[in-house]
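Shown next, in structure tokens, is the structure this report addresses.
Derivation of every value follows stated rules applied to the coordinates shown; laboratory data play no part. The shown structure was predicted, so the numbers you read here are calculated from the model rather than taken from an experiment. Backbone-built Cβ (ideal geometry, glycine too); neighbour counts: all protein chains shown.
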Amino acid sequence: MPAPDWLRKRRERDASADDASLWQKCPKCSEMLYRKDIVANLWVCSRCGYHFRMHAYDRINTLVDGDFVEIGTDILPGDPLGWTDKRPYPQKLERDREKSKLSEAVVTGFATLDGFPVALGVMDFNFRGGTMGTVVGERITNLLEEARRRRLPCIIFTASGGARMEEGMLALMQMAKTTLAVERFKDEGNLYIAVLTDPTTGGVSASFAFAADLIVAEARAAIGFAGRRVIEQTIRQKLPENFQTAEFLLEKGHVDMVLDRRELRPALVRLLDYAVDRKRLATPLKAVPEFAIQ
Amino acid sequence: MPAPDWLRKRRERDASADDASLWQKCPKCSEMLYRKDIVANLWVCSRCGYHFRMHAYDRINTLVDGDFVEIGTDILPGDPLGWTDKRPYPQKLERDREKSKLSEAVVTGFATLDGFPVALGVMDFNFRGGTMGTVVGERITNLLEEARRRRLPCIIFTASGGARMEEGMLALMQMAKTTLAVERFKDEGNLYIAVLTDPTTGGVSASFAFAADLIVAEARAAIGFAGRRVIEQTIRQKLPENFQTAEFLLEKGHVDMVLDRRELRPALVRLLDYAVDRKRLATPLKAVPEFAIQ
Amino acid sequence: MNLIVEREKSLSELETRLAQLHERGIGGDEMRALETKVQELRQDFFGKLTPWERVNMARHPKRPLASDYLGALEAFDELHGDRHFRDDPALVGGFAKLRGHNVMVLSQQKGRDTKENIRRNFGMVSPEGYRKASRLMELAARFHLPIVTFVDTSGADPGIGSEERAQSEAISGCLMTLTHVGVPVVASIVGEGGSGGALAIALADHVIMAENAVYSVASPEGCAAILWGDSARAPEAAEHLKLTSNDLLGFGIVDEIVPEPLGGAHHDAAAFIGRVFDAIERALERLALLPPADLLDTRYRKYRRIGSWREDSPVRAGGLA
Amino acid sequence: MNLIVEREKSLSELETRLAQLHERGIGGDEMRALETKVQELRQDFFGKLTPWERVNMARHPKRPLASDYLGALEAFDELHGDRHFRDDPALVGGFAKLRGHNVMVLSQQKGRDTKENIRRNFGMVSPEGYRKASRLMELAARFHLPIVTFVDTSGADPGIGSEERAQSEAISGCLMTLTHVGVPVVASIVGEGGSGGALAIALADHVIMAENAVYSVASPEGCAAILWGDSARAPEAAEHLKLTSNDLLGFGIVDEIVPEPLGGAHHDAAAFIGRVFDAIERALERLALLPPADLLDTRYRKYRRIGSWREDSPVRAGGLA
Ligand SMILES: [Zn+2]
Ligand SMILES: [Zn+2]
């Protein structure tokens, strides 16, 4: 299958790019990194280990065996509240579609990981800060229902600033909807792994993220319920540097493991190997190779 | 049914008693209390609310509607380890039988509470400090099995210094045995209420006591895993006065409610009323009135 | 200061003047004019409330609190604690009798005064409160007792300790419990329904909402701060958020509205609470007819359809062109 | 100082002297006499250990620890935390491969040096450790993985924090979990089996015990303190407590003993651990044949019969005459 237009265009631009886009500065250690090296190192700073946020399609591309059958692309946001502030909500969506090259804040579909067929959901902070509105809720629910039907394990990568304000209570209700879907999925003995990436907070954190069988956090990711700023305003003092980091949560017993992104894929394969009965899995997948570079 | 011999004798002695036994000093507020008043007030100091430890038969007598069918009286302690220190274990048992007028550290049987048929277990600190050996484990297990067979709710009053040293690992294994019995009992939807009285610690606390559906603690009771002295020796400092009290545990979220002994019976009846389907209970009980005064 | 309280103050000033006139025997036109004015003002003030006015009503210092509902029950036996760490006074739960039904009640509890508010953490529940709720819900399911909840919180506690003890996991856990308990669950939004902290005990088979309660994805202040960096624009946010009972009935998020007396529930608290209990009772009796499997299936389908999205021709996999 | 270590020291002094004689070419009678003496002493020291000597062996600073067993597995992926409060380093758990079997491993972990011991709290588990264990056991049951535990603790942590966070409830909870998980549970008492804190992860379908491990209702020191107010009388208490592998095999509390090399498991740790794994593997293969219901029933009956009591003519209700 040919690479999508936007990707082809991006690549052309990259090829003809100036120094500024060939090189990128690490926001943590200030090292100037060659963009191709960043990509080769899974968007991790080779000097200090800083984890850049990843585009959903990059994540999928670097994770799966090669094929990815996307579902839920027909589920698209409406404007249920008729929300307009600085600009109408549909315009905000349009802008984020442009910017992120995504149709919404989560990509869902099927793939194989080292031969294990899995249902895969990947959230993306680039689209409305990864907020959960109706479409995120519906796509996640849909993914879990499809995975349940096929008795596949499900892996969801979370990245979210919380609920999407512009969809009001319909957004909040997605917490209930996704949790119900998780329960039904797990109830039949299916494995659900959540991978919490930077940042995972609010309604996503407090619903399907922490409802997983196994919770893996990516190194240094910010994870919590309330946002850092909200807490600082409430207590009127600065929080310690490591507060709400993956490493902090590991110590506090909230997550099963914290992994450097470069160790993530083999670890997920091992977890699948421990907990999934291979004999149970025999769903043929249509081969649809997908890849993207941020 | 006539009162047992030992009780008749005790009563005769009480009648001819001197002042010293007619009156008793409250160990907390030092008030001199008339023994009959203590009994009438359910062994609670009328001045400061201090709860005297109660004899198992007194507990049963003040709790049940009138009948109590005791079971497990044929289960009696052996000497599996052939234990002898200052004196042989059988002699210690004999002395405690004399002292407590009990055959072991727990009394088990059936009764009704305000018309609710229940299985009832009452531990007594007067017998080997309420320690759990083989007989306590067997009687509790037996009670739970009989209650399960009859689909009766089960109420167990705990009072224990822990496992009985003189029965070694056989004593420890009663933690496993009783917990298995609790699980099987609860698994079929039966209600199990534990009433933690002073003191409830060690192996009893860490097995069937805290495995209950509802945990009621008697006011001021000392409750914990490790004994107060052990902790003080470990940390080499004095513990605060309220540490390991029922009230402390309520604040720490360990128990459902803390009740003054004088409120206990009506509260238990209310709990039974909420959680037990009366229609389910229709086991006739043989009327065997029992009573005793410490 | 609370908007509604301010209005009540100015009304009560007029009423005092009216009473003074009456006392002094001054009647006639002046008196009648004033009476009409008071009447009109009351209608003007409370007849049709804006979303922001409802937010103020939901936060009114005299509004019935969870304790008022619990106090109106035929019986209530509080059960404490999460069995692990702490008893959270911001979430009160226990066995209760409601119109002869044995039920498990759970409610967020604000304080009536400062001291009580500090003890109750202003009704903001900590992880151990949600874990207590989960525990009691499981207990209710074990003994076939319906679950009745009263929601009144500005949101889950956002403090350091709550984060340290996994607030997200606690709320998620509460929601997970409500997805599988095979007994009827009836939730009543009676005051503030603040975000995930409210929903945690409101995933229900039947959701009742007091006319002037609010139920929102974020507090108007929080929403204004997030979107516009200015929490003072809360009234505007309230307008946007569609947080009133009517809005939510329209979305199918709320199943029934209990009307309040003019001026709010606190003007006749006993009668109002009675009407909430009427609604709960009707729901309990209807839901009691469903076998557990049907109940759970209906619950699933109820939430399954909440949302609003377009289903266009699929966007081609790999992103938008 | 550890009794066994003292003996090893004096033996090693003799051995050093022997080596020196050998070096200097001094052979003959003196040498042979010394050799015989060393040989006799070794037999004398380690050939037949008293209970108190075994206590010292179980606490030997070089004895294989949980980490040595975990290190010998084909694979081990540690899973952390109780999801609520803390990850307890005194209890290590995770997925593992043992002789090709996917299993869930749980073990109490002492430290090899002071620093590690402080981090691991000397292998004394806190409530959150037992809660992690419960959680991982439930996970194992969900995915049909057998549970394999390694027991090595002087007892559950007796600190203030552990009491505040309901140590009793945590241990009871762990036991309750083990009563209902429908997968094979194999426990190995490899070092100290200290009271309820050890049993919490040792209620099992098959219990293996290292020859020189001890498993006791209380530590000998604790027992002596409780009964005689003098913890120095620990050796005497050890004699009474029947805490050796042979005693416990006799009582039916332990199902199998794995012999240790002369002088203790640390003299050939790798081979010894291999023999423990052999025993675990055999148990797993046998237990895998039982359907869950039979497994649970057998587990129930196994513990149901443990104890020793007389069944005399019933004592008349109401107490002894
Ligand atoms: Zn860097
Ligand atoms: Zn007193």
Legend entry - Pseudo-label separations to other copies for residue B:91 - Cα-to-Cβ vector, 7 Å, nm: 9.8
Inset, instruction - Looking at chain C, send over the antiparallel percent of its DSSP beta bridges, to the nearest 5. - result: 40 percent
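Could you work out the helix-only [θ] at 222 nm for the protein assembly as shown, with each DSSP H run of four or more residues adding -39,500 (n - 2.57) and the total divided by the number of residues, to the nearest 500 deg cm²/dmol?
One gets -13000 deg cm²/dmol as the mean residue ellipticity at 222 nm.
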Inset, instruction - Considering only DSSP beta bridges where both residues belong to the protein assembly as shown, give the percentage that are antiparallel (nearest 5). - result: 45 percent
Inset, instruction - Could you please state, rounded to a whole Å, how far the C-alpha centre of segment D:88-152 is from the C-alpha centre of segment C:1-65? - result: 66 Å
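Thinking of the protein assembly as shown as a set of Cα atoms, what percent of all their pairs are more than 52 Å apart?
For the protein assembly as shown, the share of Cα pairs beyond 52 Å comes to 32 percent.
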Legend entry - Candidate aspartates and glutamates for bridging to residue C:37, where Cα separation is under 13 Å - those fewer than 8 sequence places away on the same chain excluded: C:13, C:15, C:29
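Grab the beta carbon distance between residue B:114 and residue D:142, set R0 = 45 Å, and tell me the FRET efficiency rounded to 0.05.
0.60
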Inset, instruction - Give me A:204, A:258, D:125 ranked fewest to most by other Cβ atoms within 10 Å of their Cβ, as a rough exposure proxy. - result: A:258, D:125, A:204
Legend entry - Cα gyration tensor shape of chain C, rounded if a/c is under 1.5, else prolate or oblate by comparing a/b with b/c: prolate
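Restricting to bridges with both residues inside chain B, how much of the DSSP beta-bridge set is antiparallel, in percent to the nearest 5?
Approximately 50 percent, going by the DSSP bridge assignments.
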Inset, instruction - Specify the angular offset, from 0 to 90 degrees and rounded to the nearest 10, of the alpha carbon long axis of helix D:28-46 from the longest principal axis of the alpha carbons in chain D. - result: 10 degrees
Inset, instruction - Output the relative contact order of chain D, whole-number percent, from Cα pairs under 8 angstrom with separation of 6+ residues. - result: 15 percent
Inset, instruction - Could you check which residue among A:87, A:164, A:59 shows the biggest mean-square fluctuation in a GNM of chain A with a 10 Å Cα cutoff? - result: A:87
Inset, instruction - Enumerate the residues in segment D:206-247 having an amide nitrogen under 18 Å from the point lying 7 Å beyond the Cα of residue D:72 toward its Cβ. - result: D:207-214
Legend entry - Global geometry of segment C:50-110, whether rounded, prolate or oblate, following the gyration tensor of its Cα atoms and the 1.5 cut on a/c: oblate
Legend entry - Fewest-first ranking of B:100, D:195, B:30, using other Cβ atoms within 10 Å as the exposure measure: B:30, B:100, D:195
Legend entry - Sequence-distant aspartates and glutamates (8 or more away, or on other chains) whose Cα lies within less than 13 Å of residue C:110: C:68, C:88, C:152, C:157, C:192
Legend entry - For residue B:25, label point 7 Å along C-beta direction: distances to other copies, nm: 8.1
Inset, instruction - Multiply the residue separation of residue D:228 and residue D:19 by 0.36 nm, subtract the distance between their alpha-carbon atoms, and state the gained length in nm to one decimal. - result: 70.6 nm
Legend entry - Point-to-point label distance, residue B:95-residue A:233, nm (Cα→Cβ direction, 7 Å offset): 7.0 nm
Legend entry - Per-pair calculated FRET efficiency, R0 = 51 Å: residue D:256 and residue C:116 via Cβ, rounded to 0.05: 0.25
Legend entry - Number of partner chain Cβ atoms within 10 Å, mean per residue of C:156-163: 6
Inset, instruction - Taking the Cα atoms of segment B:54-287, report the difference between the largest and smallest coordinate on each principal axis, in whole Å and largest first. - result: 53, 41, 31
Legend entry - No Cys partner within the rule (Cβ under 4.7 Å), the protein assembly as shown: A:154, B:154, C:174, C:223, D:174, D:223
Legend entry - Prolate/oblate/rounded call for segment B:40-182, Cα gyration tensor, a/c under 1.5 rounded: oblate
Inset, instruction - Mind giving me the nanometre distance, one decimal, between the label points for residue D:38 and residue B:247, set 7 Å out from Cα along Cα→Cβ? - result: 6.9 nm
Legend entry - Nearest residue to the symmetry axis between B and A, taken on chain B by its Cβ, in whole Å: B:253, 9
Inset, instruction - Pick out, in residue order, every one of the trypsin sites (Lys or Arg not before Pro) in segment A:169-236 that is DSSP loop and has at most 14 other C-beta atoms within 10 Å; say none if there are none. - result: A:236
Inset, instruction - For residue A:23, enumerate residues with amide H under 5 Å from its amide H, sequence gap 5+ or separate chain, H modeled in the peptide plane. - result: A:35
Inset, instruction - Starting with the fewest neighbours, write out C:63, C:7 ranked by other beta-carbon atoms found within 10 Å of each beta-carbon. - result: C:7, C:63
Inset, instruction - Rounded to the nearest 0.05, what FRET efficiency do residue C:270 and residue B:39 give with R0 = 35 Å and r taken as the Cβ-Cβ distance? Could you check? - result: 0.20
Inset, instruction - Post the alpha-carbon centroid distance, segment C:158-221 to segment B:63-77, in whole angstrom. - result: 47 Å
Inset, instruction - Beyond 32 Å between alpha-carbons counts as too far, so tell me which of C:9/C:115; A:25/A:186; A:86/C:48; A:28/C:132 fall in that bin. - result: A:25/A:186; A:28/C:132
Legend entry - Computed label-point distance, nm, for sites residue B:86 and residue B:149 using a 7 Å Cα→Cβ extension: 4.1 nm
Inset, instruction - Would you mind finding the longest exposed-site-free stretch of chain A, with exposed GluC sites (Glu not before Pro) meaning DSSP loop and at most 10 other Cβ atoms within 10 Å? - result: A:1-187
Legend entry - From phi via Karplus (6.51, -1.76, 1.60), per-residue ³J(HN,Hα) for segment C:237-252 in Hz, x at Gly/Pro: 4, 4, 4, 6, 6, 6, 10, 8, 4, 5, 4, 6, 5, x, 7, x
Inset, instruction - Read phi for every residue in segment A:78-91 and hand back ³J(HN,Hα) as whole Hz from Karplus 6.51 cos²θ - 1.76 cosθ + 1.60, θ = phi - 60°, with x for Gly and Pro. - result: x, 9, x, 9, x, 7, 9, 10, 4, 9, x, 3, x, 5
Inset, instruction - Ignore the peptide's own chain and count Cβ atoms of other chains within 10 Å of each Cβ in B:131-141; give me the average, rounded. - result: 3
